[in-house]
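Q: Sharing a structure, written as structure tokens. Questions coming.
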Amino acid sequence: MYRNRLIKILVLLLFVITNTVSAQEFTEENNSDEKDIKVEIKEYINHHLLDSYDFGLFSWTTDEGEHKHFGFPLPVILIDGGLKVFSSSKFHHGETVAEVDGNYYKVFHNKIYKTDAAGTITLDDHQHPTNTKPLDFSITKNVTVIFLVGLFMFFMFSRMAKSYQKNNLMPTGFGRMLEPIIMYIRDDIAIPNIGKKHYKKYMSYLLTVFFFVWIINLLGLTPLGVNVTNNIAVTFALALITYLLTTFTANKNYWKHIFWMPGVPGPMKIILAPIELLGTIIKPFSLMIRLYANITAGHIVLMSIIGLMFIFKSWIGSPLSFGLAFALALLELLVAALQAYIFTMLSALYFGSAVEEHDDH
């Protein structure tokens, strides 16, 4: 028990220290530009939140001023007059132009644009690029992590299922830790909100989304720099699945309460029907925004507090900022599980309203 606590504390310390060192490296790189320190911190936070075309673990600057990266490239997949597949190492972390089959591509603000050999990017009056942007199906860092977490969950639950078969429905090993969580999702989330009659057909999705969001959020607290759920496209996809399951598994009572509510005067039914229909879209939209906003805000606040160390530059302010960052990192452990729980519980609540029978209370 104490060893587990020690491991958690060491991981949190490693997370805070790694981000502190990275922020210091970023500050040192930009000192020659004589930028305001607050602008530098803001740029670093924005860089930390973005997805990338390579999986960078950490970086350092040599005595000669050369910036070194430690990580590995990922495949870039573009459709631009045909299929273009190449390694992201051609971009050299966004510093160079990639030439593929006579075409030139450049990463600008974390997006790939078609350009010339010099890497020219033209901007309009609103500072938006006017270059052609090819269809991008690249395997980015976030996509890689999603695949790895999916494989990890498949392996984890496959092993757990086999252990149940071999040991007369008794969990062994890692399954002993997973079983109470699974039982909690079944007994305290699925059954109360969906009902005993229909909960089984939704359990696979509820378990998947809970563990996926939880594991992804925990990875976001490690020095890997993984920020999957602060990408609104990811939370949109999760909310869309909840919406589609709710819509296509709903019974006639669900639609009757939307388009022709019982016990409501006729004129009011006509007025309320569009509002109720809009509510079916607003509910998953709130799921998307809640998960995205909470995770993004947590990262921004944590990195901002770490940045205060470089603003104070004193023996009083810097330790206080470090201590506050460490306390917030502990709080983020709770937020990681809480957001997974809220997403799962609200999804179960929507499923329950979709399959509710006329005689249910």
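Just so it is clear, none of the values below were taken in a lab; they were calculated from the coordinates. If you're wondering where the values come from, they're calculated on a predicted model, not measured in any experiment. Every residue, glycine among them, receives a Cβ derived from its backbone with ideal geometry; neighbour counts consider all protein chains shown.
Q: Most exposed first by the Cβ proxy, i.e. fewest other Cβ within 10 Å, how do E357, E40 rank?
A: Going from sparsest to densest Cβ surroundings: E357, E40.
Q: Ok, one more. As a footprinting exposure proxy, order L224, L151 by other Cβ within 10 Å, with the fewest listed first.
A: Neighbour counts put them in this order, fewest first: L151, L224.
Q: Quick one: if the Förster radius is 22 Å, what FRET efficiency do A293 and H47 give, using the C-beta to C-beta distance and rounding to 0.05?
A: Calculated transfer efficiency: 0.65.
Q: Could you calculate the contour length gain from I300 to L331, that is, 0.36 nm times the residue separation minus the distance between their Cα atoms, to one decimal place in nm?
A: Between I300 and L331, full extension yields an extra 9.8 nm.
Q: Under the classification rounded if a/c is under 1.5, otherwise prolate if a/b is larger than b/c and oblate if not, where does the stretch 284-340 fall, given a ≥ b ≥ c as square roots of the Cα gyration tensor eigenvalues?
A: Oblate, because a/c is 1.5 or more while a/b does not exceed b/c.
Q: Next up: Can you tell me the convex hull volume per residue for the stretch 106-156, based on C-alpha atoms, in Å³ to the nearest whole number?
A: Spelled out: Cα convex hull of the stretch 106-156, divided by residues, is 90 Å³.
Q: A further question on this structure: List the residues whose amide H sits under 5 Å from the amide H of V100, counting only those 5 or more places along or on another chain, with H placed 1.01 Å from N in the peptide plane.
A: Y105
Q: For the stretch 74-139, rounded, prolate or oblate, judged on the Cα gyration tensor with a ≥ b ≥ c (square roots of eigenvalues), a/c < 1.5 rounded, else prolate if a/b > b/c?
A: Note, shape of the stretch 74-139 comes out prolate.
Q: Using 0.36 nm per residue of separation minus the Cα-Cα distance, give me the extension gain between I181 and T249 in nm, one decimal.
A: Fully extending the segment from I181 to T249 adds 21.9 nm.
Q: Also: Can you tell me the length gained on complete extension of the stretch A117 to K162, counting 0.36 nm per residue apart and subtracting the Cα distance?
A: Result: 10.6 nm gained on full extension.
Q: For a quick check: sort H198, H92 by the number of other beta carbons within 10 angstrom, fewest at the front.
A: If I rank by nearby Cβ atoms, fewest first, I get H92, H198.
Q: Once you order the gyration tensor axes a ≥ b ≥ c over the Cα atoms, which shape class does the stretch 143-355 get: rounded for a/c under 1.5, otherwise prolate or oblate by comparing a/b with b/c?
A: Judged from the Cα gyration tensor, the stretch 143-355 comes out oblate (a/c at least 1.5, b/c at or above a/b).
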